[in-house]
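What follows is a set of notes on a single structure, which appears directly below.
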Amino acid sequence: MKNIEIVSGDITKLDVDIIVNAANESLLGGAGVDGAIHQAAGPELLEECKSIGGCPTGEVRLTEAYNIEIGGIIHAVGPKWGGGQNGESELLESCYFGALELALENGFKSIAFPNISTGVYGYPKIEAAITATSAVKSFDDLSKFEKVIFCCFDEENFKIYQSIL
Ligand code: ADP
């Protein structure tokens, strides 16, 4: 599909309307992409996240992006991998659908996703990429986006996404 792209690199540096963060339920920051986004956005992001008071797994929340010069950040809480029989794929899919819906509701036309759950949360990368790409491709209003980017930070994910898409 022509509005889906794969990009390798740091998600905080992309020229898009909105980026997605792979957050945890506390929304209080963490390692990996979460740490990079908080670092780039600055301390006001943490203040706003504190005021939200957490987010359940599989759901998304919108904040401002502060020092990252884009329209906002969607914090998505991906599932921790627990073997695959605990609803992991539905929860992961729900992060992608939820972020796409929330972006459109707020008028954003370009969005970048990290490879949610494939770092500290241990989701197998191939399975996560299949779920992520199927969710995005099957999203009803996909054509309303100018651009949907899968931002791959590690080489392994980049190769997996290239082979799937
Ligand atoms: P999770 O807890 O959801 O697994 P992580 O941040 O540990 O979240 O990892 C999710 C993915 O984000 C990993 O594939 C990791 O390579 C990637 N990542 C780490 N830093 C960045 C960054 N600055 N930009 C984009 N992706 C990143």
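The values are calculated or read from the model by the stated rules, or taken from the named source; none is laboratory data. Quick caveat, the model's predicted, so the values are computed rather than measured. Neighbour counts run over all protein chains shown; Cβ positions are idealised from the backbone, glycine included. Quick note on the areas: whole protein, heavy atoms, side chains included, nothing else; ligands and nucleic acids left out. Shrake-Rupley method; radii C 1.70, N 1.55, O 1.52, S 1.80 Å.
Residues in the range 108-143 that are more than 10 Å from the ligand (Cβ to nearest atom), within 19 Å of Leu14 (Cβ to Cβ) and open to solvent by 50 Å² or more (accessible area, probe 1.4 Å): how many? So the answer is 1.
Kindly indicate the residue of the range 1-54 that is more than 22 Å from Ala128 (Cβ to Cβ) and of a type in the set (Asp, Glu) and also nearest to the ligand (Cβ to nearest atom) among those meeting that condition. For the range 1-54, the residue satisfying everything is Asp15.
The set of residues from the range 14-38 being touching a helix residue (DSSP H, G or I) at 6+ places or on another chain (Cβ under 8 Å) and either assigned to a helix (DSSP H, G or I) or without any contact (Cβ under 8 Å) to a residue 40 or more places away in the chain (or both) comprises Leu28, Gly29, Val33, Ala36, Ile37, His38. Answer yes or no as to whether Thr63 is away from the ligand (no atom under 13 Å from the Cβ), among the hydroxyl-bearing types (Ser, Thr, Tyr) and open to solvent by less than 30 Å² (accessible area, probe 1.4 Å). Yes. Residues of the range 131-148 include at least one that is more than 18 Å from Asn3 (Cβ to Cβ) and assigned to a helix (DSSP H, G or I). Of everything listed in (1) touching a Cys at 6+ places or on another chain (Cβ under 6 Å); (2) in a loop (DSSP other than H, G, I, E, B), the single unmet condition for Ala76 is (2). How many residues does the range 85-107 hold that are open to solvent by 30 Å² or more (accessible area, probe 1.4 Å) and within 15 Å of the ligand (Cβ to nearest atom)? Number of matching residues: 4.
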